[in-house]
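The values are calculated or read from the model by the stated rules, or taken from the named source; none is laboratory data. As the structure is a prediction and not an experimental result, all values here were calculated from the model. Cβ sites come from the backbone with ideal geometry, for glycine too, and all protein chains shown count toward neighbours.
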Amino acid sequence: MVLACIKYCYPIRQRWLGVTSFGVPEKLGCTNLPLSARQKDLCKKKPYLIPSIREGARLGIQECRNQFKHERWNCSISPTVYTASSSLSLSFITSSLASAHTMFGYELSSGTKETAFISAVTAAGLVHSVTRSCSAGNMTECSCDTSLQNGGSASEGWHWGGCSDDLHYGMWFSRKFLDAPYKNASGKDSDVVNLMHLHNNEAGRQAVSKLMTVDCRCHGVSGSCAVKTCWKSMSSFDKIGSYLKDKYENSIQISDRLKRKVRRKEKNDRKIPIWKEDLVYTNKSPNYCVEDSKLGITGTHGRECNRTSDGPDSCNLLCCGRGYNTHVVRHVERCECKFVWCCYVRCRRCESMTDVHTCK
């Protein structure tokens, strides 16, 4: 029963990521967006949040690709969704519907560590984008965190001020929007797959909260910094992505038998608590070495590798022991440019040869 749900439930419940495929979603209305019934209802009540939902999905997808770009699983996206560039293609942004299942394929329905990371990073992306919108004054329901105002330490020469990022609304909306599809009509989770997704969603949100920083600005004569005004800010999303990548590396396999909460798969380790910041998964990952069109695994054939590296991007690891091909690539560019009076720039034409290694 659990395996059947793993195969068929995920594509439906992750469709919200498809909102990134709409160029101007606020003009299309909530009905046409790839959302669950509960998500559409919330969308209709708060249509002004659609740009933040779209931005949150974009943030999560792009950071996933950034964190895994040198590994066997490189957060691969359907070729129709992404171009060869590292950024979202124009066709993806402006095309009609592109569901999350179309984008991620196997990883979205596998219950693996990769599924866990996708859930966490996109949940974090939604918190980040909504909170940014609040701090920018784009919404009437939220703004800066005013609870900190007038606080601080006069004896130490600093006080709270400025516009602190207020996570409360972003965290609330992320839970309301992302967690609803994983709960049954009674409002409770119904199986271990849903428990896993709910846990990983929250882990992503906790990452944003845990990495909040304190920024300060000095005041005083000639920059003496006699007094400082400080405020709380969210970390950059690439820092949040790196934190979640570390959690991915240390993720915990859980039992596929439903209990009141997630439990470690190994019985001997069940007394060790699973913290809400941890990522959890049910199924082990494949090696992603060989293409499997049925599962949507692209394999590593043709991937560029680093012959001198000892990391995951090394030709030995990335090519899975199959070896690699070496191509010589010629680069031609303008160089040693000088301004000539008056009025043009004179450059030399420089050529260089580079060895490029690709997996067999």
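If a residue must be among the basic types (K, R) and part of a loop (DSSP other than H, G, I, E, B), how many such residues does region 322-342 contain?
Final tally of qualifying residues: 1.
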Next item on the list: List every residue pair whose Cβ atoms lie under 7 Å apart, where the two residues are 6 or more positions apart in sequence or sit on different chains, the first residue falls within region 43-61 and is more than 16 Å from I240 (Cβ to Cβ) and of a type in the set (D, E, K, R), and the second residue, located anywhere, is at pLDDT below 90 and outside any helix (DSSP H, G or I).
Entry: K44/C30; R54/F22
Notebook entry, point to check: Counting only residues that are touching a residue at least 40 places away in the same chain (Cβ under 8 Å), closer than 25 Å to S209 by Cα and in contact with a Lys or Arg (Cβ under 6 Å, 6 or more places away or on another chain), how many does region 256-285 have?
Noted result: 2
Notebook entry, point to check: Can you find even one residue in region 261-274 that is hydrophobic (A, V, I, L, M, F, W, C), part of a loop (DSSP other than H, G, I, E, B) and outside the structural domain of R65 (by TED's automatic domain parsing)?
Noted result: no
Next item on the list: For N194, indicate whether it is in a helix (DSSP H, G or I), modelled with pLDDT of 90 or more and crowded, with 20+ Cβ neighbours inside 10 Å.
Entry: no
Next item on the list: Specify which of the listed residues (A180, A120, A136, A154) is at pLDDT 60 or above and surrounded by 23 or more Cβ atoms within 10 Å (Cβ to Cβ).
Entry: A120
Next item on the list: Would you please name the residue that is surrounded by the fewest Cβ atoms within 10 Å (Cβ to Cβ), looking only at residues in region 300-321 that are assigned to a strand (DSSP E or B) and not polar (S, T, N, Q)?
Entry: E304
Checklist line | Matching residues, region 202-231, being closer than 25 Å to D179 by Cβ and touching a helix residue (DSSP H, G or I) at 6+ places or on another chain (Cβ under 8 Å) | finding: E202, A203, G204, R205, A207, V208, S209, K210, L211, M212
Checklist line | Test: residue in region 309-316 that is farther than 19 Å from D355 by Cβ and among the hydrophobic types (A, V, I, L, M, F, W, C) | finding: no
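Select from region 212-260 the residues that are part of a strand (DSSP E or B), among the small types (G, A, S) and loosely packed, with under 14 Cβ neighbours inside 10 Å and list them in ascending order.
The answer is none; no residue qualifies.
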